[in-house]
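Everything below concerns the one structure shown next.
The values are calculated or read from the model by the stated rules, or taken from the named source; none is laboratory data. These numbers were taken from a predicted model, which means no experiment stands behind them. Don't worry about glycine lacking a Cβ; one is built from the backbone with ideal geometry, like all the others, and counts go over all protein chains shown.
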Amino acid sequence: MEITRRDLFNVGGKLLVLASVGATLEQITGAAPASDAYKMADHWWGMLIDIDKCIGCGNCVRACSNENSVPQGYFRTWVERYQVEEGKATPTVESPNGAIDGFKPQKRADVKSFFVPKLCNQCADSPCVQVCPVGATFVSPDGVVLVDKEYCLGCRYCVQACPYGCRYLHPETDTVDKCTLCYHRITKGLTTACCENCPTGARQLVDFKNPKDPVHEFLRHNKVQVLKPYMATQAKVYYKDLDGSVR
Amino acid sequence: MIPGVDGFMYPNEVELQWSLLIVLYPYITGLVAGAFILASLERVFKVEAVRPTYRLALLTALAFLLVAPLPLQLHLGHPERSLEMYLTPHKSSAMAMFGFVYLWYLTVVLLLEIWLEYRADIVRKAQTTTGFQRILYKALTLGSENISPAARIIDDKVGYTVTVIGIPSAFLLHGYVGFIFGSIKANPWWSTPLMPIVFLFSAMVSGIAAVLMLYTASMKLKKQPIDMRCLDTIAKYLFYTFVIDFTLEMLDLIHRTYEADESFRSLDFMVHTRLWGSQVILQIFLGTLVPLALLAANQLWRFREGVRKAMYVTACSLTLIGIFAMRWNVVIGGQLFSKSFLGYTTYKVGLVTREGLLPAIGLMLLPFVIFFVLIKILPPWPEREAT
Amino acid sequence: MHDAGRHATVACEACHGPLAKHADDPGANVPKLPQVGDLCRRCHEKDAAKPQGFPQVVTAEHSGGVPCDSCHQPHNPHL
C-alpha cells in the first residue's frame, strides 16, 4: 500500500494536535497551587547580632558547616575573640579554625574581651556584585547576595572586592562560595542554621519588610553598628554593642 | 597557629586568590602597550630616528598580546565559561569591559596597523613565492592586491589614523588593568586613583625597554650593525618616561606616608618585612634607581659606542626585572596583609601546579616563539638585494 | 523535649548535631547521645570574653573531674 504525502500530513497533524492537548492538560493539572508560594518581593532579609549575648561556643559555625557542606578550612561564618587592652594600639584577635570547636578559655580579667560572630553582610550596595564580570553573583530581590555556581567563572574578583573576607573559592566546584543566609531554609519559613543553633539567641534572622518583625522595635531602642560603615556597602548585618576596636 | 600566618587574618584570607599568573598578566599587557607607544612615536610624532624599530615594535606587541589571555585562562576555575564575558558581560565590572578593550585593541588597532604596514610586502610575496607560502601570503592579502602609489598613499593615511586612535587605545588597554586594581575600595594597597596612571607609565617603560633589547638582540643575531642614533633616541625616551614613572610612584609613597591612614601601619610593616626584597631592593633600587642613573649619565655625558650599548642593555635588563617586581608587589603584596590590618600571610609559589612557576616560565617564553614565527612571515627588516 | 528549664531555648541540634533524618523517621534514626564533658565545656567553661551574667565555671575546680551529667540533667540543668 502506498503512503502518500497527504497521508503523512494527515496522521502527523493529528498526532501533533493530540500531543499539544496532552501537554497543555499536564501543565494545567500538574501545576502547584500558587497561594502559599514564597514571594521574594515581600521580604528584605538581614541579621541582628547581639555581641553581649555571644558566648563563643561555635555552634553556629558547626551548624552552618553541616547544613551547607562547607569544605574544611573554609568558612561561611566564623567567630572572632577580641582582647582589647588599654594603651595598646591594636586589639588581639583570634579565630582558631573559625571557632568551629569553640575557643580555649582565656582567663585574663584585666582586658576587655568579647566574641564577634561574622558572616556575609548581605550588602544592599554590594561591591562584590559590582565587580563580577558575568553577573554570576547578584543581590536577590529579597536582599540575599547569592552566587550562581553554574555561571561563576572562578575568577575571584569578588573575593578581592569583599571588604569583610566572607568569600572563598570552593575547592570542589572551583566556583566562589559564601554564606547564602540559608536561602533554601528562609524561603520555606525556617530560620538560618546558625540562628537556629545559637543557644543564647545572639544571632537573629530579621526581615525588614515584615511589619511584625521585632527588628523595627529593636532598632528604635538600641545602638547598633555595621562593620566598616565607611565602605558604604549598605550592609544588612547589624551588631548591637559592637566595640570600636572591631575590624 | 596557621603555618605562614603572623597575627590575625580573617579565616578565608589566609590563602591567596590571585597568583603568579595574575602578576604575569599586567606585565605582558604592559609590554604590549609600551611597545606600541614606541612604534607610534615614529608614526605620529615623526621621531624618524626610531624608524628601524617600528615594525619590530608592532610585532613585539602582537606576540605578547596573543599570549596575554593565556595566564587568565589558566587561572580561572572554569575557563570553558570565559566566553560568557563577551556574551553576557556585567556592565559594572571593569574586568568584563576590559575584554572588549582587549578585542578592540587586537583587531581594530594592532592587526589592522600591521596589515596596512606590511601590505605591499605581503602582495609582493604572494606574487613571487610558491606552494604553501603562496597560499599563506595570498590569504594575508585579504583579497586586495593593489599596491599602486595611489593605494600606498591611502594605506599611509589610514595607517596614520589607526595609530592616532591606537595611542589612546593603548593607554586604555593598560590603564584599564590599573583600574581593575585601583577601583577595589576593600583593598587599601590597590585603591588609589593613581593606579591606572602608575600602571600605564610603568608599562611604557617596560615596553620601550623590551623593544630596545629585542632590537639589539636581533641585530646581533643577524650580525648587522646597530643604528646608534636609533638606540640613543630610544634610550632618551625611556629616560623621560622613567622619570615620570618614578615621580608617580614616589608621589604615591609620600602621600601614603604623610596621610598615615588606618592601613598605613600594617602596609608599612609589610613593606619592611615580606616585601623588602621585592619592593625596596628589586623594584626601587635595582629596577629603578640604577637604570635611571645609567640613562641619566648618557644624557649628561657622551660615552663611547661600546660603553653606551652596554649601559643601555644593563639598564633595560634591570628595568624589565624591576617592572616585573612592581607587578608582583602590587598583586601579591595586596594579598599578603589582612583586611583587618592585624596580620600577614605568605605566598608559596607552586612548581608544576596549574598556576605555578613552570607554567609561568612557559607563558613568558611563548611570546618569543610567536615573535620568531612572526618575523619569519613578516620580516621587519628591509630585504637585502641579492648581489 | 524540654519546655521548661534553662535550656528551653537551646535547639536540639545544638547538642545532638544535624537531625533532619530523625525528623523524617524518628524510630529508625535515633539521635546520638553527645559526649557530655566536651559539649558542656564549650558553652560553660569560664572565659573572660563570655558575658558576665552567663553561667560559667572553671570545670576542673567545679566538679573535680566528675562528669557534668552526674548532677545536671542536660534537658533541665538548673540545680
- Quick check: is even one residue across the stretch A:137-145 closer than 22 Å to residue A:242 by Cα and within 15 Å of the chain's Cα centre (by Cα)? no
- Look through the stretch A:134-145, keep the residues that are buried (at least 23 other Cβ atoms within 10 Å of the Cβ) and among the aliphatic types (A, V, I, L, M), and return whichever of them is nearest to the other protein chains (Cβ to nearest Cβ). A:134
- Identify all residues within the stretch A:180-220 that are among the charged types (D, E, K, R), loosely packed, with under 13 Cβ neighbours inside 10 Å and without any contact (Cβ under 8 Å) to a residue 12 or more places away in the chain; write none if there are none. A:212, A:217, A:220
- Item | Of residues in the stretch B:331-365 being away from chain A (no Cβ under 14 Å) and assigned to a loop (DSSP other than H, G, I, E, B), the one farthest from residue B:192 (Cα to Cα) | B:352
- Query: When only residues in the stretch B:1-42 that are within 11 Å of chain A (Cβ to nearest Cβ) and of a type in the set (Phe, Trp, Tyr) count, which is nearest to the chain's Cα centre (by Cα)?
  - Reply: B:18
- Query: Does residue A:22 satisfy the criteria of being over 24 Å from residue A:210 (Cβ atoms), modelled with pLDDT of 95 or more and not in a strand (DSSP E or B)?
  - Reply: no
- Task: Would you check if there is a residue in the stretch A:208-228 being more than 12 Å from every other protein chain (Cβ to nearest Cβ), under 27 Å from residue A:73 (Cα atoms) and not hydrophobic (A, V, I, L, M, F, W, C)?
- Result: no
- Restrict the check to the stretch B:5-24 and report whether at least one residue is under 17 Å from residue B:245 (Cβ atoms), assigned to a helix (DSSP H, G or I) and polar (S, T, N, Q). no
- Query: Do we have any residue at all in the stretch B:160-174 that's closer than 24 Å to residue A:156 by Cβ, buried (at least 23 other Cβ atoms within 10 Å of the Cβ) and either in contact with a strand residue (DSSP E or B) (Cβ under 8 Å, 6 or more places away or on another chain) or of a type in the set (Val, Ile, Thr) (or both)?
  - Reply: no
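So that you can scan it fast, the table gives a plain yes or no per residue for (1) closer than 27 Å to residue A:116 by Cβ; (2) loosely packed, with under 14 Cβ neighbours inside 10 Å; (3) within 14 Å of another protein chain (Cβ to nearest Cβ):
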position: C:11; (1), (2), (3): yes, no, yes
position: C:17; (1), (2), (3): yes, no, yes
position: C:23; (1), (2), (3): no, yes, yes
position: C:32; (1), (2), (3): no, yes, yes
position: C:53; (1), (2), (3): yes, yes, yes
position: C:64; (1), (2), (3): no, yes, no
position: C:76; (1), (2), (3): no, no, no
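May I ask you to list the residues in the stretch A:73-91 that are within 29 Å of residue A:180 (Cα to Cα) and within 13 Å of chain C (Cβ to nearest Cβ)?
Listed by number, the residues that qualify are A:79, A:80, A:81, A:82.
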- Answer with yes or no whether residue A:129 is facing chain B (nearest Cβ under 10 Å), assigned to a helix (DSSP H, G or I) and either in contact with a strand residue (DSSP E or B) (Cβ under 9 Å, 6 or more places away or on another chain) or of a type in the set (A, V, I, L, M, F, W, C) (or both). yes
- Query: Restricting the stretch A:92-106 to residues that are more than 7 Å from chain C (Cβ to nearest Cβ) and not in a loop (DSSP other than H, G, I, E, B), which is surrounded by the most Cβ atoms within 10 Å (Cβ to Cβ)?
  - Reply: A:99
- Item | Filter result (part of a helix (DSSP H, G or I) and either loosely packed, with under 13 Cβ neighbours inside 10 Å or modelled with pLDDT under 90 (or both)) within the stretch B:128-151 | B:128, B:131, B:132, B:135, B:139, B:149, B:150
- Note on the structure: Here the residues within the stretch B:68-106 that are touching a Ser or Thr at 6+ places or on another chain (Cβ under 9 Å), surrounded by fewer than 18 Cβ atoms within 10 Å (Cβ to Cβ), within 11 Å of chain A (Cβ to nearest Cβ) and closer than 27 Å to residue B:163 by Cβ are none
- Do you know which residues across the stretch A:107-126 are of a type in the set (S, T, N, Q), at negative phi and part of a loop (DSSP other than H, G, I, E, B)? A:121, A:126
- Message: Looking at the stretch B:133-152, I want the residues that are on the phi < 0 side of the Ramachandran plot and have a partner that is part of a loop (DSSP other than H, G, I, E, B) with Cβ atoms under 7 Å, at least 6 apart or on another chain. Which pairs are those?
- Response: B:137/B:129
- When you go through (1) at pLDDT below 85; (2) at the interface with another protein chain (Cβ under 10 Å from one of its Cβ atoms) one by one for residue C:49, which number turns out not to apply? (1)
- Consider residue B:253 carefully, then state whether it is under 21 Å from residue B:198 (Cβ atoms) and at pLDDT 95 or above. no
- Item | Residue that is nearest to the chain's Cα centre (by Cα) [pool: residues in the stretch A:146-184 that are facing another protein chain (nearest Cβ under 7 Å) and part of a strand (DSSP E or B)] | A:168
- Query: Taking the stretch C:47-59 only, how many residues are within 12 Å of residue A:107 (Cβ to Cβ) and out of contact with any Pro (no Cβ under 6 Å at 6 or more places or on another chain)?
  - Reply: 5
